[in-house]
Amino acid sequence: MSFSVQPDRKYAASHEWALQQGDLVVVGISEYAQHELGDVVYVDLPDAGERFAKGEVFGACESVKAVADLNLPVGGEIVEMNAALVDAPETVNTDPYGEGWMVKVRPDNPGELDALMDADAYQQFTSELK
């Protein structure tokens, strides 16, 4: 099965995506990740002002069949979390690349984005997982 990837984003091996918007990076999970999780029923996200290193767990995504840690693809300060997911966590399933975004980060080192996979590499990566 093939999953959509967005060509304007970078992807981590832990299935988070990162989209640079000005001096911020928007982070969410890929369509592949939400499919593997199943129906998302709860999302635990950090408050603005919290800081995390690249790769550090910043939250969790809970579905009817599993709980998955969320790893930050770039280190920095959380400037906003998607409060809409508190009341509508299923948005992660229906629109993982849009309204299902999770946090916005002010990266300490924007160059960390360069170490992530581009869309083609991530598509290849996920196709080899099954």
Could you pull out the residue among Pro89, Pro73 that is under 14 Å from Val43 (Cα atoms) and part of a loop (DSSP other than H, G, I, E, B)? Pro89
Residue under question is Asp8, and the condition is that it be among the acidic types (Asp, Glu), in a strand (DSSP E or B), at pLDDT 95 or above and under 23 Å from Ser127 (Cα atoms); does it hold? no
Residue that is nearest to Gln34 (Cα to Cα) [pool: residues in segment 76-86 that are assigned to a helix (DSSP H, G or I) and modelled with pLDDT of 95 or more]: Leu85
Do we find a residue being within 12 Å of the chain's Cα centre (by Cα) and either over 16 Å from Val105 (Cβ atoms) or free of Cβ contacts under 8 Å to residues at least 12 places away in the same chain (or both) anywhere in segment 79-87? no
Taking the residues in segment 92-116 that are in a loop (DSSP other than H, G, I, E, B) and among the charged types (D, E, K, R) as candidates, determine which candidate is nearest to Asp39 (Cα to Cα). Asp95
Given (1) out of contact with any helix residue (DSSP H, G or I) (no Cβ under 9 Å at 6 or more places or on another chain); (2) surrounded by 14 or more Cβ atoms within 10 Å (Cβ to Cβ), where does Gly111 come up short, assuming only one miss? (2)
Return only the number of the condition from (1) crowded, with 16+ Cβ neighbours inside 10 Å; (2) at negative phi; (3) not small (Gly, Ala, Ser) that Asp8 does not satisfy. (1)
With respect to Ala33, is the statement that it is in contact (Cβ under 8 Å) with a residue 24 or more places away in the chain, of a type in the set (A, V, I, L, M), buried (at least 21 other Cβ atoms within 10 Å of the Cβ) and not in a strand (DSSP E or B) true? yes
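Applying the selection to segment 52-65, what residues are in a loop (DSSP other than H, G, I, E, B) and in contact with a helix residue (DSSP H, G or I) (Cβ under 6 Å, 6 or more places away or on another chain)?
Passing the criteria: only Lys54.
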Out of Ala53, Ala68, sole residue that is without any contact (Cβ under 8 Å) to a residue 24 or more places away in the chain, among the hydrophobic types (A, V, I, L, M, F, W, C) and more than 18 Å from Gln6 (Cα to Cα): Ala53
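The values are calculated or read from the model by the stated rules, or taken from the named source; none is laboratory data. What you see is a predicted model, and the numbers here were worked out from it, not measured in a lab. All Cβ positions, even for glycine, are placed from backbone atoms using ideal geometry, and neighbour counts span all protein chains on display.
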